[in-house]
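Take a look at the structure set out below.
The values are calculated or read from the model by the stated rules, or taken from the named source; none is laboratory data. Small disclaimer: the values here were computed from a predicted structure and weren't measured. Glycine gets a Cβ as well: all are built from the backbone with ideal geometry, and neighbour counts include every protein chain shown. Accessible surface areas use protein heavy atoms only, side chains included; no ligands, DNA or RNA. Shrake-Rupley method; radii C 1.70, N 1.55, O 1.52, S 1.80 Å.
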Amino acid sequence: MDLSSFAWTREPERWALTGEGLEVVTQPRTDLWQRTYYHFQNDNAPAFQMETEEKYFSFVAKADFTDSRHRFDQCGIVMYLNSENWLKASVEYENEAFQHLGSVVTNQGYSDWATTAIPASVKTMWYRLSRREDDYRIECAEDGVRFRQMRVCHLHAGRGRVRFGVYACSPEDSSFRAVFSHLALLPCQWPAHNGQPPD
C-alpha cells in the first residue's frame with residue numbers, strides 16, 4: 001500500500017516509514033476518549049490516516065506491540081473524523097497476566113468501550129475495518145487469515161469523505177514502540193445483508 005497518501009493528525013515526535021510499514025514511538029499522556037463514565041476528555045493521540053469517499057471498502061493492518069509494558073499502552077486501527085466522532089480498535093496493556101482486546105466508538109462526543117480479556121503473551125494483532133456507507137464492521141485475527149467480528153457499529157458522521165488508518169498512544173507516563181505492517185486497502189470484505197428484511 002502506498003503510504004504517501006497518508007497524513008498525520010497530531011504528528012508524533014518519533015516515527016518512521018519502513019520497507020514493511022510504519023514505526024511509531026508513543027509519547028506519554030496521549031489518548032483518545034470522550035466523556036462517558038470517566039467524565040474526562042482526551043483528544044491528543046496521533047493518527048496516521050488516508051482519505052476516501054469510497055462507500056464500500058476494507059482496510060487491513062497488522063499491529064506489533066511487543067514493546068508495550070505499561071498500563072493502557074495501545075495501538076491499532078482508527079477512523080478519526082473529528083474530536084467527537086471516531087472509532088478505534090486495539091489491544092490495551094493491563095498487566096503481566098492479561099490485556100484488553102477492544103474497540104471504542106464515539107458518536108457526538110460520547111465514547112463506549114467493548115472489550116474482552118486476552119493473555120498478555122499476545123504481542124501482535126491483525127485488524128480489518130470494513131465500510132458499508134455509514135455502517136462499519138471491526139474484525140481481528142491473530143494469524144491474519146481467520147478474522148472474527150469484534151463489533152458492528154454506526155457512525156453518525158460517517159457518511160461521505162472519511163479518514164482512516166492506524167494510531168498508537170500511551171495514556172499514562174510511559175512510551176513504547178508500535179510497529180504497523182501489511183497495510184492494505186481491499187474491496188469490501190463485509191457481505192451485504194441478505195437475511196431478515198427491514199421492518
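Residue-wise test of (1) closer than 23 Å to Leu81 by Cβ; (2) touching a residue at least 24 places away in the same chain (Cβ under 8 Å); (3) in contact with a Ser or Thr (Cβ under 7 Å, 6 or more places away or on another chain).
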position	(1), (2), (3)
Met150	yes, yes, yes
Cys153	yes, yes, no
Arg159	yes, yes, no
Ser174	no, yes, no
Val179	no, yes, no
Cys188	yes, yes, yes
Gln196	no, no, no
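Which residue, of Trp126, Trp86, is within 23 Å of Arg29 (Cα to Cα) and either under 14 Å from the mean Cα position of the chain (by Cα) or modelled with pLDDT under 95 (or both)? Break it down into steps so the answer makes sense when it comes.
Details: Trp126 fails: within 23 Å of Arg29 (Cα to Cα).
The conditions single out Trp86.
In the range 162-174, how many residues are out of contact with any Leu (no Cβ under 9 Å at 6 or more places or on another chain) and among the charged types (D, E, K, R)?
Count: 2.
Within the range 122-156, count every residue that is outside any strand (DSSP E or B) and closer than 18 Å to Pro187 by Cβ. Spell out the reasoning first.
Start the filter on the range 122-156 by keeping residues that are outside any strand (DSSP E or B), which leaves 122-123, 133-134, 142-147, 155-156.
Applying the additional criterion that residues be closer than 18 Å to Pro187 by Cβ yields 133, 144-145, 147.
So the count comes out to 4.
Could you please tell me which pairs satisfy a Cβ distance under 8 Å, a separation of 6+ or placement on different chains, a first residue in the range 120-134 that is over 17 Å from Phe57 (Cβ atoms) and of a type in the set (Val, Ile, Thr), and a second residue that is open to solvent by 20 Å² or more (accessible area, probe 1.4 Å) and in a strand (DSSP E or B)?
Between residues of the range 120-134 that are over 17 Å from Phe57 (Cβ atoms) and of a type in the set (Val, Ile, Thr) and residues that are open to solvent by 20 Å² or more (accessible area, probe 1.4 Å) and in a strand (DSSP E or B), the close pairs are Thr124/Lys62; Thr124/Asp64.
Restricting attention to the range 110-119, which residues are within 25 Å of Phe57 (Cβ to Cβ) and either open to solvent by less than 10 Å² (accessible area, probe 1.4 Å) or part of a strand (DSSP E or B) (or both)?
Within the range 110-119, Ser111, Ala114 qualify.
Among the residues of the range 69-78, are any open to solvent by less than 20 Å² (accessible area, probe 1.4 Å), among the polar types (S, T, N, Q) and not in a strand (DSSP E or B)? Walk me through it before giving the result.
Taking the range 69-78 first, the residues open to solvent by less than 20 Å² (accessible area, probe 1.4 Å) are 73-78.
Filter once more, so that each one left must be among the polar types (S, T, N, Q): 74.
Right, trim to not in a strand (DSSP E or B) and you get none.
The answer is no, given that none of the residues of the range 69-78 is open to solvent by less than 20 Å² (accessible area, probe 1.4 Å), among the polar types (S, T, N, Q) and not in a strand (DSSP E or B).
Restricting to the range 1-42, name every residue that is surrounded by fewer than 12 Cβ atoms within 10 Å (Cβ to Cβ), of a type in the set (D, E, K, R) and closer than 14 Å to Ser181 by Cα.
Asp2
Can you tell me which residue within the range 157-187, out of those that are of a type in the set (D, E, K, R) and in a strand (DSSP E or B), is nearest to Glu142 (Cα to Cα)?
Within the range 157-187, the first condition is being of a type in the set (D, E, K, R), and the residues that meet it are 159, 161, 163, 172-173, 177.
If we keep only those that are in a strand (DSSP E or B) as well, we get 163, 177.
Details: Arg163: 25, Arg177: 19 Å.
So, considering only residues that are of a type in the set (D, E, K, R) and in a strand (DSSP E or B), the one nearest to Glu142 (Cα to Cα) is Arg177.
Out of Ala97, Ala61, Ala47, which single residue is within 17 Å of Met150 (Cβ to Cβ) and of a type outside the set (Phe, Trp, Tyr)? Walk me through it before giving the result.
Numbers: Ala97 fails: within 17 Å of Met150 (Cβ to Cβ); Ala47 fails: within 17 Å of Met150 (Cβ to Cβ).
Testing whether each residue is within 17 Å of Met150 (Cβ to Cβ) and of a type outside the set (Phe, Trp, Tyr) leaves just Ala61.
Hey, Phe59 hits all of (1) among the aromatic types (Phe, Trp, Tyr); (2) open to solvent by 50 Å² or more (accessible area, probe 1.4 Å); (3) more than 25 Å from Gln41 (Cβ to Cβ) but one; which does it fall short on?
With (1) among the aromatic types (Phe, Trp, Tyr); (2) open to solvent by 50 Å² or more (accessible area, probe 1.4 Å); (3) more than 25 Å from Gln41 (Cβ to Cβ) applied to Phe59, the lone miss is (2).
Quick one: is Trp86 in contact with a Leu (Cβ under 8 Å, 6 or more places away or on another chain) and either closer than 24 Å to Asp43 by Cα or open to solvent by 60 Å² or more (accessible area, probe 1.4 Å) (or both)? Steps first, answer last, please.
Numbers: in contact with a Leu (Cβ under 8 Å, 6 or more places away or on another chain): yes; either closer than 24 Å to Asp43 by Cα or open to solvent by 60 Å² or more (accessible area, probe 1.4 Å) (or both): yes.
Against the criterion (in contact with a Leu (Cβ under 8 Å, 6 or more places away or on another chain) and either closer than 24 Å to Asp43 by Cα or open to solvent by 60 Å² or more (accessible area, probe 1.4 Å) (or both)), Trp86 qualifies.
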